[in-house]
Amino acid sequence: MPSSALFTIASLIWGSTFFAITLQLGEAPPAVSVAYRFFLAAATLFVICLVKRDRLALPWRVHKWMALQGVLTFCISYLCTYESEQYVVSGLVAVVFALMVFWTPLLSSLFFGTVINRRTIGCGVAAIAGVALLFWHSIGAAWADFQAGGSAKFIAGVVLALAATIASSAGSIVVSKVKEECENLPLTMAWSMLWGASLVTVWALAHGDSFVIPASATYWGGLVYLSIFGSVIAFFAYFTLIGRIGAQKTVYIGVITPVLSVLLSIQLEGYRPGPIEFAGMVLCLASVAWALRAPAAKPVQSANLNNPLETP
């Protein structure tokens, strides 16, 4: 399959997954839906490995990294994302995820000494300003409502979305360590997703959530789409592209995805951004696109730490 087709597949799938998550809300607790999603995705990947006759067992030194990836990428990030979308329009959550382009090199610099160029820093400041404009009116109205005795759920949703992006960025750094230990991508993805789903299950049980079986066909259709397309096929396309054209070009998917998500929110969720919100979106996405034109950062260590951009 040509690289252009892989790029299109990953962009279209991830551009729609933020809205697909809304189909899961209300039918079951968010944590339960996350657990169902990644148990199904992990099972699918294990079946693929069995068909390939791969040996499923891996040493503990690999599992330590896969467990860390699982807790960051498939547990914390998705728990925060699902909770956030209860209070914030899915398209806006997708725009916040574009900030991962900056969180990832920042965390790489903090933990591995990777050098961040000045363009990335400047674009990061501009992108954060764009996100501030995007939420300016909504947060102002939510704060006024909170002071008047209302709830602060919208503000909590924005904070959760930011937490999700940081967790995903941290998880993307761990990807390189997992790959150093095992080159079998489907197998390491399967174990990482299983770790993540298991930890989400522990959280859900501790939180008192009930593992209900929703009767809605919409819920199960959304679950299958998110598990098979959003969590298996899109990641295969994404990582294949990284091997072919490099991470710096592949990560442009992270710029296309929010645009598609916002368009879906306008069409399906009744979202009506005003001039300031549009200006914020344009500033954020333009900053991300400009930052991605910068030369790749040179890590102190041998691993390429600035590549994967995780998306729901």
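The values are calculated or read from the model by the stated rules, or taken from the named source; none is laboratory data. As the structure is a computational prediction, the values presented were derived from the model and not from experiment. For neighbour counting, all protein chains shown are included, and Cβ atoms are generated from backbone atoms with ideal geometry for every residue, glycine included. When the accessible area is computed, the model is the full protein with side chains, heavy atoms only, and any ligands, DNA or RNA have been set aside. Shrake-Rupley method; radii C 1.70, N 1.55, O 1.52, S 1.80 Å.
One table, with the values for the structure above:
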| read-out | value |
| --- | --- |
| Checklist (1) closer than 23 Å to Tyr271 by Cβ; (2) open to solvent by 20 Å² or more (accessible area, probe 1.4 Å) applied to Ala94, failing item | (2) |
| Residue satisfying condition, being in contact with a Leu (Cβ under 6 Å, 6 or more places away or on another chain) and surrounded by 23 or more Cβ atoms within 10 Å (Cβ to Cβ), within set Met189, Met193 | Met189 |
| Any chance Tyr87 is closer than 23 Å to Val159 by Cβ and in a loop (DSSP other than H, G, I, E, B) | yes |
| Residue within region 1-14 that is outside any helix (DSSP H, G or I), over 19 Å from the mean Cα position of the chain (by Cα) and either more than 21 Å from Ser90 (Cβ to Cβ) or modelled with pLDDT of 95 or more (or both) present | yes |
| Selection count, region 106-120, where residues are modelled with pLDDT of 75 or more and either open to solvent by 50 Å² or more (accessible area, probe 1.4 Å) or within 16 Å of Ala163 (Cα to Cα) (or both) | 5 |
| Qualifying positions in region 56-77 - surrounded by 24 or more Cβ atoms within 10 Å (Cβ to Cβ) and over 30 Å from Ala279 (Cβ atoms) | Met66, Gln69, Gly70, Thr73, Phe74, Cys75 |
| Among residues of region 198-230, those that are more than 17 Å from Glu27 (Cβ to Cβ), among the hydrophobic types (A, V, I, L, M, F, W, C) and either surrounded by 12 or more Cβ atoms within 10 Å (Cβ to Cβ) or touching a residue at least 12 places away in the same chain (Cβ under 8 Å) (or both), counted | 6 |
| Those helices (runs of 4 or more DSSP H) lying entirely in region 199-258 with at least 1 residues within 21 Å of Leu12 (Cβ to Cβ), modelled with pLDDT under 90 and under 16 Å from the mean Cα position of the chain (by Cα) | 234-245, 247-250 |
| Residue match in region 37-53 (condition: at pLDDT below 95, closer than 30 Å to Glu181 by Cα, touching a Gly at 6+ places or on another chain (Cβ under 6 Å) and buried (at least 18 other Cβ atoms within 10 Å of the Cβ)) | no |
| Qualifying residue in region 287-299 (condition: under 19 Å from Val93 (Cα atoms) and modelled with pLDDT of 75 or more) | yes |
